[in-house]
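K.L.:
Structure in structure tokens, see below.
The values are calculated or read from the model by the stated rules, or taken from the named source; none is laboratory data. This is a predicted model, so every value here is computed, not measured. Note: ideal-geometry Cβ built from the backbone for every residue, glycine included; neighbour counts use all protein chains shown. In case anyone asks, the SASA skips ligands and DNA or RNA and just uses the protein heavy atoms, side chains included. Shrake-Rupley method; radii C 1.70, N 1.55, O 1.52, S 1.80 Å.
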Amino acid sequence: MSQTPPQTPPRPLSPHLQVWRWHITMFSSIMHRVTGSASVAGAILVAAWLVALAMGREHYTCFLTLASSPPGLLVWFGLSLAGFVHLTGGLRHLIWDTGAGFEPKKADQIALWTMILGVVLTLAFWAYLFASGKVTL
């Protein structure tokens, strides 16, 4: 007679998804990682800008034409949003590095304020760019 191995009940692949409830610190942590990756894309675009500058007037004009078009401005807006949200997320981590703000309510408040501050800084930055005439549509 052959014996069959005992059957074990199926286990979830990611039990943390059933245990943890969503909260703002989780979202803030995810956004910090996403915006860090987006900032790398921004660095690549800045490098492309420098390469276009080094290649001469024709290439630089082409780059500026693309960068100043509405889709280009949307990309730059998204990259600046990523940069400011990542910056404020870094400030959150700096606060936590001091040992402060780990209580659940305080951690949620800090995470929420870093997200709000990142958006406000981005809007203020672009308001300045448009008001000063450095960017136009």
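K.L.:
Suppose R0 equals 41 Å; then what is the FRET efficiency for Val119 and Arg57 from their Cβ-Cβ distance, rounded to the nearest 0.05?
P.N.:
Efficiency computed from Cβ-Cβ geometry: 0.65.
K.L.:
Please list, by residue number, every one of the trypsin sites (Lys or Arg not before Pro) in the range 83-137 that is coil in DSSP and has at most 12 other beta-carbon atoms within 10 Å.
P.N.:
Sparse-neighbourhood loop trypsin sites (Lys or Arg not before Pro): Lys134.
K.L.:
How large is the accessible surface per residue of the range 13-137, computed with a 1.4 Å probe and reported in Å² as a whole number?
P.N.:
With all protein chains present, the range 13-137 gives 69 Å² per residue.
K.L.:
One-quarter of the Cα convex hull surface for the chain, in nm²?
P.N.:
Projected over every direction and averaged, the Cα hull of the chain covers 15.8 nm².
K.L.:
I'd like the distance separating the alpha-carbon centroids of the range 60-104 and the range 18-42, in whole Å.
P.N.:
Cα centroid to Cα centroid, the span is 13 Å.
K.L.:
How far is helix 57-67 tilted off the main Cα axis of the chain, in degrees rounded to 10, range 0 to 90?
P.N.:
50 degrees
K.L.:
Taking the Cα centre of the chain as origin and charging only Cβ (+1 Lys, Arg; -1 Asp, Glu), how large is the dipole, in debye to the nearest 20?
P.N.:
160 debye
K.L.:
So how tilted is helix 70-97 from the main axis of the chain? Cα-based, degrees 0 to 90, rounded to 10.
P.N.:
Relative to the chain, helix 70-97 is tipped by roughly 50 degrees.
K.L.:
Let me ask you something else. Just order 108-119, 29-40 by mean Cβ neighbour count inside 10 Å, highest at the front, would you?
P.N.:
Most protected by this proxy first, the peptides run 108-119, 29-40.
K.L.:
I would also like to ask the following. Helix-only estimate, please: 222 nm mean residue ellipticity of the chain, summing -39500 (n - 2.57) across DSSP H runs of length 4 or more and dividing by its residues, to the nearest 500.
P.N.:
Helices in the chain give a 222 nm mean residue ellipticity of -26000 deg cm²/dmol.
K.L.:
Taking all protein chains as present, what is the carbon and sulfur share of the accessible area of the chain, in % to the nearest whole number, probe 1.4 Å?
P.N.:
Here carbon and sulfur together make up 72 percent of the probe-accessible area.
K.L.:
If you don't mind, another one. Along the charge dipole of the range 40-137, which of Ser69, Ala111, Leu81 sits closest to the positive end, that is, farthest toward it, with unit charges on the beta carbon of Lys, Arg, Asp and Glu (+1, +1, -1, -1)?
P.N.:
Ser69
K.L.:
Here is a further query. For Trp126, Trp20, Trp76, give the ranking by accessible area with the largest first, probe 1.4 Å.
P.N.:
If we order Trp126, Trp20, Trp76 from most to least accessible, we get Trp20, Trp76, Trp126.
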